[in-house]
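Structure first, commentary second.
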Amino acid sequence: AHRSHTVPRSVFWPVPNVDSALTAFTRREPPAGDRKEVFAVVDAAFAQRRKTLRAALAGWAGTPARAEQVLRHAGIEPTQRGEKLDISDFARLAAAQHHI
């Protein structure tokens, strides 16, 4: 999303004390993968604050070692935190669990 235009306060009545803006959104294709599996990974990644993905996904994967294997198979560094990933990364993780 990005700001596409500014709408001046003068076009409104009564005139507000702020200017407005229009936001443009870019539609993206949904990531490949099962929605339920992807959101299970997202939930696990954010269930515990300030945990690395290796630790946060241990319960989802079964063990910390298996979580690390799945992360590496998906091309994601196990020491990262969940907030650094985007939805396509989570989709790759959900798919990678079936290949380990």
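Just so you know, all these numbers are worked out from the coordinates, no wet-lab data involved. These figures come from a predicted structure and were not determined experimentally. For neighbour counting, all protein chains shown are included, and Cβ atoms are generated from backbone atoms with ideal geometry for every residue, glycine included.
Annotations
- Over the range 35-96, all Cα pairs binned in 10 Å intervals from 0 give whole-percent P(r) values of 27, 66, 7, listed from short to long.
- Judged by the mean number of other Cβ atoms found within 10 Å, the most tightly packed of the peptides 10-23, 52-65, 78-91 leads the ranking 52-65, 78-91, 10-23.
- Alpha-carbon Rg with Dmax, taken over the range 1-69, Å: 21.6, 62
- Value of [θ]222 nm, deg cm²/dmol, for the chain, DSSP H segments ≥ 4, -39500 (n - 2.57) each, nearest 500: -10500 deg cm²/dmol
- Rounded to the nearest 20 debye, the dipole magnitude of the chain is 180 debye, with +1 charges on Lys and Arg beta carbons, -1 on Asp and Glu beta carbons, and the Cα centre as origin.
- Ordering Gln97, Ala56, Ser10 by Cα displacement along the dipole of the chain toward the positive end leaves Ala56 in first place; charges were set at the Cβ atoms of Lys, Arg (+1) and Asp, Glu (-1).
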